[in-house]
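This report refers to the structure that appears directly beneath it.
The values are calculated or read from the model by the stated rules, or taken from the named source; none is laboratory data. What you see is a predicted model; the values in this text were computed from it and never measured. Cβ placement follows ideal geometry from the backbone for every residue including glycine, while neighbour counts extend to all protein chains displayed. Each accessible area value is taken on the protein alone, full model and side chains, heavy atoms only, with ligands, DNA and RNA left out. Shrake-Rupley method; radii C 1.70, N 1.55, O 1.52, S 1.80 Å.
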Amino acid sequence: RPACAMDWQVLTREISLYLESQVRVGLFGSGVGLSLVLGFGVAYACYYLSSIAKKPQLVASNDRFCRFLEEYCPVVTETYYPTIWCWEGRVQTLLRPFITSRPQVQYRNELIKTADGGQISLDWFDNNDSLYYPDASTRPTVLLLPGLTGTSKESYILHMIHQSETLGYRYCSYGGIFPSDSLQTPRTYCAANTEDLEAVIHHVHSLHPSAPFMAAGVSMGGMLLLNYLGKTGRDTPLMAAAIFSAGWNVFESVESLEKPLNWLLFNYYLTTCLQSSISRHRQMLEKLFDMDLVMKARTVREFDKQFTSVMFGYRTIDDYYEDASPCRKLKSVGIPVLCLNSVDDVFSPGHAIPVETAKQNANVALVLTSCGGHIGFLEGIWPRKCTYMDRVFKQFVQAMFEHGDKIFSM
């Protein structure tokens with residue numbers, strides 16, 4: 001017999017002997033304990049393979065877009081095997097920031113001025129050692145938008161850059177939707193207001209007008225990007241976009257987050273993060289807002305009611321949430337967009353994903369996994385490095401930059 005078969009038999013026998021020695025305590029020294037362990041293992045493996053590991057659902061009305069993705073971005077048609085010991089959505093969401101590594105990325109920071117006197121921080125990874133694109137003027141550029149309280153230092157942003165660094169692209173990370181120490185005017189973020197994003201896109205494009213240009217948004221960054229695309233249609237320098245874990249319907253998102261367990265695990269923590277982000281600017285902001293009420297908020301909805309909706313002049317919180325929901329603008333998107341969501345994401349519940357609306361726009365493709373949580377998508381026994389989301393990002397960006405002209409000719 002082949003040596004590998006002999007080695008496998010030896011390994012199996014050693015494992016069996018070890019397990020039996022560990023579980024034989026009691027049960028009259030019989031092999032019942034081992035049988036229970038092996039039986040449970042087999043049952044769990046069967047459940048995992050039949051109910052957890054599944055191919056994602058690919059939703060697209062354009063057959064040519066589907067064929068393009070199947071050929072050049074095949075990961076969207078492959079079975080997603082979430083980490084076998086933490087596949088549940090909440091667990092994936094909670095563990096990802098602690099489990100995943102943080103690759104080293106050397107940024108170059110740039111501050112740009114806005115029309116109202118404020119400033120925006122951009123972190124550049126120029127990739128000047130690019131072998132495929134040595135000419136900086138034509139080097140493909142990807143604009144990355146992190147989540148609500150995220151920055152360019154988030155592990156998912158670092159992994160996006162690290163995974164695709166060898167492809168030779170240039171990256172620019174919007175330094176965070178929420179301000180840190182650089183707030184110059186009493187204005188922060190708004191998921192519906194795309195003025196700052198428009199300024200960033202115009203600025204990046206003006207620096208490298210001959211370079212192919214894409215954008216990718218995660219969570220709130222994805223919502224902002226979708227709202228921008230819905231507003232501009234085809235009138236944008238972006239050739240395509242990738243969206244990850246976006247909240248499609250804000251009403252449904254906050255309702256999901258206000259369920260008792262979700263409030264305890266996510267909502268309260270996120271609210272305190274938002275309050276902490278503005279507390280350092282309290283002296284500037286308290287001239288316009290009742291900061292005592294803002295700091296008493298215990299949910300994201302209460303925070304938005306007292307702060308965000310007031311800042312941007314909405315009559316009610318419902319008016320703000322309606323305007324901020326990307327599902328209402330999806331029909332107007334005019335460039336190819338790939339959107340990855342997990343249906344067990346408590347920040348963007350599966351029933352609120354606009355599947356039928358997406359089918360009405362030939363430019364939109366949804367990739368829906370059964371597991372993955374919010375910006376989770378962990379895979380492998382010990383998911384320190386690449387996630388399913390990272391692989392989707394890498395393949396789609398490469399597909400668009402290198403084969404994008406074929407998307408509507410296949």
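Residue under question is residue 227, and the condition is that it be in contact (Cβ under 8 Å) with a residue 12 or more places away in the chain and under 17 Å from residue 344 (Cα atoms); does it hold? Spell out how you get there, then give the answer.
On the way: in contact (Cβ under 8 Å) with a residue 12 or more places away in the chain: yes; under 17 Å from residue 344 (Cα atoms): no.
Against the criterion (in contact (Cβ under 8 Å) with a residue 12 or more places away in the chain and under 17 Å from residue 344 (Cα atoms)), residue 227 does not qualify.
So residue 109 passes all but one of these: (1) over 30 Å from residue 330 (Cα atoms); (2) over 25 Å from the mean Cα position of the chain (by Cα). Which condition number does it fail?
Exception for residue 109: condition (2).
Of all residues in segment 321-362, which are of a type in the set (A, V, I, L, M, F, W, C), part of a strand (DSSP E or B) and closer than 30 Å to residue 303 by Cα?
As a first pass, look at segment 321-362 and keep what is of a type in the set (A, V, I, L, M, F, W, C): 324, 327, 330, 333, 335, 337-340, 343, 346-347, 352-353, 355, 358, 362.
Okay, now just the ones that are also part of a strand (DSSP E or B), so 337-340.
Selection gives 339, 340.
Which members of segment 288-310 meet the condition of being open to solvent by less than 40 Å² (accessible area, probe 1.4 Å), outside any helix (DSSP H, G or I) and of a type outside the set (Ser, Thr, Tyr)? Before the answer, list the steps.
First pass over segment 288-310, keeping only residues open to solvent by less than 40 Å² (accessible area, probe 1.4 Å): 289, 291, 294, 297, 299-300, 303-304, 307-309.
With outside any helix (DSSP H, G or I) added as a condition, the list becomes 289, 297, 299.
Of everything in segment 288-310, those that are open to solvent by less than 40 Å² (accessible area, probe 1.4 Å), outside any helix (DSSP H, G or I) and of a type outside the set (Ser, Thr, Tyr) turn out to be 289, 297.
Looking at segment 354-386 only, could you name the residues that are open to solvent by 10 Å² or more (accessible area, probe 1.4 Å), at pLDDT below 95 and under 17 Å from the mean Cα position of the chain (by Cα)?
Within segment 354-386, 384, 385, 386 qualify.
Every residue, every condition in (1) part of a loop (DSSP other than H, G, I, E, B); (2) crowded, with 18+ Cβ neighbours inside 10 Å; (3) not polar (S, T, N, Q), yes or no:
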position: 66; (1), (2), (3): no, no, yes
position: 70; (1), (2), (3): no, no, yes
position: 101; (1), (2), (3): yes, no, no
position: 105; (1), (2), (3): yes, yes, yes
position: 109; (1), (2), (3): no, no, no
position: 124; (1), (2), (3): no, yes, yes
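Just checking, how many residues over segment 186-210 are open to solvent by 10 Å² or more (accessible area, probe 1.4 Å) and either modelled with pLDDT of 95 or more or assigned to a helix (DSSP H, G or I) (or both)?
12
Hey, can you tell me all the residues within segment 111-122 that are open to solvent by 30 Å² or more (accessible area, probe 1.4 Å) and touching a residue at least 60 places away in the same chain (Cβ under 8 Å)? Walk me through it before giving the result.
From segment 111-122, those open to solvent by 30 Å² or more (accessible area, probe 1.4 Å) are 111, 113, 115-117, 119, 121; that's our starting set.
If the condition is that a residue be open to solvent by 30 Å² or more (accessible area, probe 1.4 Å) and touching a residue at least 60 places away in the same chain (Cβ under 8 Å), then 111, 115, 116, 117, 119, 121 are the ones that fit.
Please work out if residue 219 is surrounded by fewer than 24 Cβ atoms within 10 Å (Cβ to Cβ), modelled with pLDDT of 95 or more and small (Gly, Ala, Ser). Before the answer, list the steps.
Values: surrounded by fewer than 24 Cβ atoms within 10 Å (Cβ to Cβ): no; modelled with pLDDT of 95 or more: yes; small (Gly, Ala, Ser): yes.
No: the conditions fail for residue 219.
Can you name the residue in segment 248-285 that is small (Gly, Ala, Ser) and surrounded by fewer than 19 Cβ atoms within 10 Å (Cβ to Cβ) and is also farthest from residue 327 (Cα to Cα) among such residues?
Of all residues in segment 248-285, those small (Gly, Ala, Ser) come to 253, 256, 276-277, 279.
From what's left, surrounded by fewer than 19 Cβ atoms within 10 Å (Cβ to Cβ): 276, 279.
Numbers: 276: 30, 279: 32 Å.
In this case the residue turns out to be 279.
Here's the yes/no breakdown for (1) open to solvent by less than 10 Å² (accessible area, probe 1.4 Å); (2) of a type in the set (Ser, Thr, Tyr); (3) in contact with a Cys (Cβ under 8 Å, 6 or more places away or on another chain); (4) outside the structural domain of residue 90 (by the TED database):
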position	(1), (2), (3), (4)
312	no, no, yes, yes
315	no, no, no, yes
319	no, no, no, yes
332	no, yes, no, no
338	yes, no, yes, no
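Quick check on my filter: what residues within segment 130-157 are part of a helix (DSSP H, G or I), open to solvent by 10 Å² or more (accessible area, probe 1.4 Å) and within 28 Å of residue 95 (Cβ to Cβ)?
First, the residues of segment 130-157 that are part of a helix (DSSP H, G or I): 136-138, 155-157.
Now restrict to residues that are open to solvent by 10 Å² or more (accessible area, probe 1.4 Å): 136-138, 156.
Listed by number, the list holds a single entry, 156.
Quick check: is even one residue across segment 71-92 farther than 23 Å from residue 52 by Cα, touching a helix residue (DSSP H, G or I) at 6+ places or on another chain (Cβ under 7 Å) and free of Cβ contacts under 8 Å to residues at least 60 places away in the same chain?
Applying the first criterion (farther than 23 Å from residue 52 by Cα) to segment 71-92 yields 71-72.
Going one step further and asking which of them are touching a helix residue (DSSP H, G or I) at 6+ places or on another chain (Cβ under 7 Å), we end up with 72.
Now drop any that are not free of Cβ contacts under 8 Å to residues at least 60 places away in the same chain, which leaves none.
Within segment 71-92 (the criterion being farther than 23 Å from residue 52 by Cα, touching a helix residue (DSSP H, G or I) at 6+ places or on another chain (Cβ under 7 Å) and free of Cβ contacts under 8 Å to residues at least 60 places away in the same chain), the answer is no, since none of the residues qualifies.
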